[in-house]
Amino acid sequence: MTDKLNELTAAGVAVWLDDLSRVRLSSGGLDKLRREKHVAGVTTNPTIFAKALSDADEYNWQLRDLAIRGVDVEEAVRMLTTYDVRWACDVMRPSYDGSAGVDGRVSIEVDPRSAHDADKTVAEAKALWWLVDRPNLFIKIPATEEGLSAITDTLAEGISVNVTLIFGLDRYSAVMEAFLTGLERAKANGHDLSTIGSVASFFVSRVDSEVDKRLEKIGSDQAKALKGKAAIANAQLAYERYTEVFSSDRWKALEAAGAHPQRPLWASTSTKNPDYRDVIYVEELIAPGTVNTMPESVIHAYADHGETRGDTITGAYDAARKVFADLESVGVDMADVIATLEREGVEKFEASWQELLDGVRKSLEAAASGKGAPNKAAKGNAKAAAKAGGA
């Protein structure tokens, strides 16, 4: 039987999982995906953690301990989430070691409420880096205008960064500039560039969702014929910019000093429109040196019926530019699409973060009152704590 995910990996696409929970960790599910489905990294976000903490009882023992200590809700959230991320880093360590530090990475996001405060973002990035204390960690920083300087400053400290919420080409170019500047400063600060990793998370399906909505509103046959084309074209043109930047003399000087390139990571790759092929945002975005982070359902779907047809990006630049020209001709303002998606992306993560805070606050109150007694998961407390490095 053909190993379709192995074919995808061989084509230069690192398969990462866009999910994490303590159930996935304690059950061995993450390690199984690493061993059997070629999963070589993990991404998280506030929405993923909000769901994980609301669904599972395996956090009860830690919530009880946090309540006894009287910690505030924000510290509790960080203790809970960094515990999981630390554990996941340990699970993914074989991928990290086997790839010389390129893969095997696990991401944790700064508080999205700080997305427009560069100083606070950097301070939190440093705190999270210290708290998780694993070399294969990524700190996720949103690619807002204010986030650009935070990306540079964080990298300059020798801290690996996953730049998230990238939607547009110009912002992506600015992210790569921030990366190069950050590495140059890291080198000047005496850091070993070979230990610093970075990916640029370029969001895909949300672009189609927003553009398709506008095309449907325009309503013409010409407009409707463009549905489902904007996201892939956008990502393909992003890869073109990536190849230009990472073939420059400026990059080659950093590479000679041991630096790894900042790989484009295709995020939001599950299809939102059921009319579209469920693995379209994987099949149409295959190229060397990329990452595709997927929900588990998409990983299994690709393993079942995905088609790896070689590089589906490099030869598509002219066709992608035509898609953009056609969108403009029917009245789609892509600059406004990108601005809308960035604003909504930050707002959605802020809402999820608030949901996470509210859920943990209620759990702490219940634990403090004795109504949230630890369940059978507490029996695994000592073993899990040793494995994850403690709460």
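The values are calculated or read from the model by the stated rules, or taken from the named source; none is laboratory data. The model shown is predicted, which means the values in this text are computed figures rather than measured ones. Cβ coordinates were reconstructed from backbone atoms using ideal geometry, including for glycine residues, and neighbour counts include every protein chain displayed. When the accessible area is computed, the model is the full protein with side chains, heavy atoms only, and any ligands, DNA or RNA have been set aside. Shrake-Rupley method; radii C 1.70, N 1.55, O 1.52, S 1.80 Å.
Things worth noting here:
- Residue in the stretch 245-274 that is farthest from Y96 (Cα to Cα), counting only those that are surrounded by fewer than 20 Cβ atoms within 10 Å (Cβ to Cβ), touching a residue at least 60 places away in the same chain (Cβ under 8 Å) and of a type in the set (G, A, S): S270
- Whichever residue in the stretch 131-152 is farther than 26 Å from A100 by Cβ and not aliphatic (A, V, I, L, M) and, among such residues, is surrounded by the most Cβ atoms within 10 Å (Cβ to Cβ): G147
- Close contacts from the stretch 300-317, counting a first residue that is over 24 Å from R34 (Cβ atoms) and a second that is of a type in the set (S, T, Y) and open to solvent by less than 30 Å² (accessible area, probe 1.4 Å), with Cβ to Cβ under 6 Å and a gap of 6+ residues or different chains, come to I313/Y239.
- Residues (part of a loop (DSSP other than H, G, I, E, B), under 18 Å from the mean Cα position of the chain (by Cα) and over 21 Å from K348 (Cα atoms)) located in the stretch 165-197: I196, G197
- Screening L128 on (1) over 15 Å from the mean Cα position of the chain (by Cα); (2) open to solvent by 10 Å² or more (accessible area, probe 1.4 Å) shows it passes everything except condition (2).
- Filtered by the rule that a residue be open to solvent by 10 Å² or more (accessible area, probe 1.4 Å) and not in a helix (DSSP H, G or I), the stretch 198-225 gives F203, G219, S220, A225.
- Any pair with Cβ under 6 angstrom, 6 or more apart, that starts in the stretch 2-17 at a residue that is over 19 Å from P261 (Cβ atoms) and surrounded by fewer than 22 Cβ atoms within 10 Å (Cβ to Cβ) and ends at one that is of a type in the set (D, E) and at pLDDT below 95: none
- Any hit, the stretch 295-312, residues being charged (D, E, K, R) and under 21 Å from I338 (Cα atoms): no
- Residue in the stretch 229-244 that is open to solvent by less than 70 Å² (accessible area, probe 1.4 Å) and either assigned to a loop (DSSP other than H, G, I, E, B) or farther than 29 Å from K322 by Cβ (or both) present: no
Conditions tested, residue by residue: (1) among the small types (G, A, S); (2) more than 19 Å from L8 (Cβ to Cβ).
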| site | (1), (2) |
| --- | --- |
| A200 | yes, yes |
| D212 | no, yes |
| Y239 | no, no |
| R250 | no, yes |
| H260 | no, yes |
| W266 | no, no |
| E296 | no, no |
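- Looking at the stretch 6-93, the helices (runs of 4 or more DSSP H) lying wholly inside it that each contain 2 or more residues that are closer than 29 Å to F203 by Cβ and modelled with pLDDT of 95 or more sit at 22-26, 29-36, 73-91.
- Criterion (out of contact with any His (no Cβ under 9 Å at 6 or more places or on another chain) and farther than 30 Å from I232 by Cβ) met by exactly one of A156, A186: A186
- Selection count, the stretch 133-148, where residues are in a helix (DSSP H, G or I) and within 17 Å of the chain's Cα centre (by Cα): 2
- Options L25, L33, L80, L66; residue that is in contact with a strand residue (DSSP E or B) (Cβ under 7 Å, 6 or more places away or on another chain) and of a type outside the set (V, I, T): L33
- Scanning the stretch 71-105 for residues that are open to solvent by 10 Å² or more (accessible area, probe 1.4 Å), out of contact with any helix residue (DSSP H, G or I) (no Cβ under 6 Å at 6 or more places or on another chain) and charged (D, E, K, R) yields D72, E74, E75, R78, D90, R93, D97.
- Scope the stretch 22-48; condition within 15 Å of the chain's Cα centre (by Cα) and either open to solvent by 10 Å² or more (accessible area, probe 1.4 Å) or among the acidic types (D, E) (or both); matching residues: A40, N45, T47, I48
- Positions within the stretch 306-329 being open to solvent by 60 Å² or more (accessible area, probe 1.4 Å) and either more than 11 Å from A233 (Cα to Cα) or not small (G, A, S) (or both), in sequence order: E307, R309, D311, T314, G315, D318, R321, K322, E328, S329
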